[in-house]
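Below you'll find the structure, written out as structure tokens, and then a few comments.
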Amino acid sequence: MPLPFRVMLFDLDGTLIDSAHGIAGAVNETLAELGHVRAEPAVVLEWIGEGARILLHRALRHVGADLPDGPAFDDRFALLMRHYADSLPQQARAYDGAAEALRGLRAHGVKVALCTNKPERFIAPLFDALDWHRMFDGIVGGDTLPECKPHALPLRHLADAFGVTVGDCLMVGDSHTDAEAARAAGMPLALVDYGYHRGFDVHGAGAVTVTGDLRSLLSL
């Protein structure tokens, strides 16, 4: 029996990979180099999900050193990006069943796309570490388009790229950022019950399914 969706869009951090340890390391290396106290990894986890610039704003706010966007902030952001790149091997931790789910969906004729807020230049090195370069039919990173999630643009862009309606797609994620993007795009939503929820109620978000194993998507 064919699956009910022609395209599935996947968030990355907290959905396909458990990258929090590596991201927390990058944030803390940045804070330390700027002369600030490191944050607990569990605290950093609460900052993940809406792009790297917001991540840095939250980190700087935490230590009382937030800055408006501008040259001074950009200098600190460049520092974060250097440490972020160094942390990619630690970020490359796929959740159990993630790779099998992606391969299984493609074997069922479903197009699989990555829809993440991670800056695009960091995706290929992650795929090198995970051996995932042939896993996706389309990729949108956090800086690929003028807007990122929770805006609807990345989801609608991918639907258009595959020549399907948003109703033919399923957004699969772990957070309110993914849920808000799906709602804004008018796209059905699936959520995982792990990942980086930041207090978000995954069971009350109107998802077609909430799962602890992405392989369950093969039997929707």
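Where a number appears in this text, it was derived from the coordinates with a stated rule and is not lab data. The shown structure was predicted, so the numbers you read here are calculated from the model rather than taken from an experiment. All Cβ positions, glycine included, derive from the backbone under ideal geometry; neighbour counts span all protein chains shown.
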(request) Rounded to the nearest 10 degrees, what's the angle between the helix 98-107 long axis and the longest principal axis of the chain, both from Cα atoms, 0 to 90? (result) 30
(request) Calculate the radius of gyration of the Cα atoms of region 70-167 to one decimal place, then report Dmax, the largest Cα-Cα distance, as a whole number, both in Å. (result) 15.4, 49
(request) For the chain, give the magnitude of the charge dipole about the Cα centre (Cβ charges: +1 Lys/Arg, -1 Asp/Glu; no others), in debye to the nearest 20. (result) 360
(message) So for each of 38-44, 145-151, 10-16, 198-204 I average, over its residues, the number of other beta carbons within 10 Å; can you give me the resulting order with the highest mean first?
(response) 10-16, 145-151, 38-44, 198-204
(request) Any chance you could give the angle, 0 to 90 degrees and rounded to 10, that helix 153-162 forms with the longest Cα principal axis of the chain? (result) 40
(request) Grab the Cα-Cα distance for D69 and D131, subtract it from 0.36 nm times how many residues apart they are, and report the gain in nm with one decimal. (result) 18.7 nm
(request) With the Cα gyration tensor of the chain in hand, give its eigenvalues times 5 under a square root as the equivalent ellipsoid semi-axes, listed largest first in whole angstrom. (result) 30, 17, 16
(request) Sort largest first and round to whole Å: the equivalent ellipsoid semi-axes of region 17-66, each the square root of five times a Cα gyration tensor eigenvalue. (result) 16, 12, 9
(request) Only Cα pairs under 8 Å and at least 6 apart count here; give the relative contact order of region 79-193 as a rounded whole percent. (result) 20
(request) Tell me the label-point distance for the pair E46, H21, using the 7 Å Cα-to-Cβ offset, in nm and rounded to one decimal. (result) 2.3
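Pairs of alpha-carbon atoms within less than 8 angstrom and 6+ residues apart define the contacts here; what relative contact order does the chain have, in percent?
27
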(request) Amide H neighbours of R38 under 5 Å, at least 5 residues apart or on other chains, H built in the peptide plane: list them. (result) none
(request) With N set to the residue count of region 119-220, report its C-alpha Rg divided by 2.2 N^0.38 Å to two decimal places. (result) 1.08
